[in-house]
């Protein structure tokens, strides 16, 4: 699904604005848990519900780990994020940043299931949340800095609290390595 015209630039601007509001430089790591606190969105790990639904939580923390990452839940107008704390720290950062992005983009709340009992899935808003989450976690400036410094993926992932896949994705979509080579005159 193609994002609407101008959305990628808009996402970069939102990422810059959020960093400024948090007192961060454009290339600084952004901790999604701190952003949630700033936005007054409570984050709840699914492990909190082990006592109430042990078999369900056990499932989502073991063989069904890939079936649930995170979800935004509404209590009136208040947003809460329920997330799978059995994922790696880097994956949790992406999951939470994705849900925070729905809030930052003011995506409307929708019922989790439709009338047929199937999951409600709006590909457009999910794609927007994915893109903004990535821009929040690894800003365009951060991707350029990592490319300029030729930072190994593993090191960059640790620095930014994300997965190596997220670093690779942002380096690719920002064209950072190509842009840095162009500036230094290396073809």
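Name the single residue that is surrounded by the most Cβ atoms within 10 Å (Cβ to Cβ) among those in segment 137-153 being assigned to a loop (DSSP other than H, G, I, E, B) and touching a residue at least 12 places away in the same chain (Cβ under 8 Å).
Only one residue tops the list, namely 138.
Mind checking which pairs have a first residue in segment 159-180 that is at positive phi and modelled with pLDDT of 95 or more and a second that is assigned to a helix (DSSP H, G or I) and buried (at least 20 other Cβ atoms within 10 Å of the Cβ), Cβ under 6 Å, 6 or more apart or different chains?
Qualifying pairs under 6 Å: 161/93.
Can you name every residue in segment 60-101 that is farther than 19 Å from residue 136 by Cα, part of a loop (DSSP other than H, G, I, E, B) and out of contact with any helix residue (DSSP H, G or I) (no Cβ under 8 Å at 6 or more places or on another chain)?
62, 63, 64, 76, 77
Is it the case that residue 58 is more than 30 Å from residue 145 (Cα to Cα) and surrounded by fewer than 12 Cβ atoms within 10 Å (Cβ to Cβ)?
no
Based on what the data block shows, is residue 156 part of a helix (DSSP H, G or I) and either closer than 27 Å to residue 56 by Cα or touching a residue at least 60 places away in the same chain (Cβ under 8 Å) (or both)?
The answer is no for residue 156.
Restricting the first residue to segment 12-23 and requiring it to be at positive phi and part of a loop (DSSP other than H, G, I, E, B), which pairs with a second residue that is modelled with pLDDT of 95 or more and buried (at least 16 other Cβ atoms within 10 Å of the Cβ) meet a Cβ separation below 9 Å and a spacing of at least six or different chains?
none
Could you please give the count of residues in segment 1-11 that are assigned to a helix (DSSP H, G or I) and in contact (Cβ under 8 Å) with a residue 40 or more places away in the chain?
From segment 1-11, those assigned to a helix (DSSP H, G or I) are 7-11; that's our starting set.
From what's left, in contact (Cβ under 8 Å) with a residue 40 or more places away in the chain: 7-8, 11.
Result for segment 1-11: 3.
May I ask you to say which residue of 144, 171, 113, 104 is within 27 Å of residue 68 (Cβ to Cβ) and in contact with a helix residue (DSSP H, G or I) (Cβ under 9 Å, 6 or more places away or on another chain)?
Going through 144, 171, 113, 104 in turn, the sole match is 104.
The values are calculated or read from the model by the stated rules, or taken from the named source; none is laboratory data. Small disclaimer: the values here were computed from a predicted structure and weren't measured. Virtual Cβ from ideal backbone geometry, glycine too; neighbours counted across all protein chains shown.
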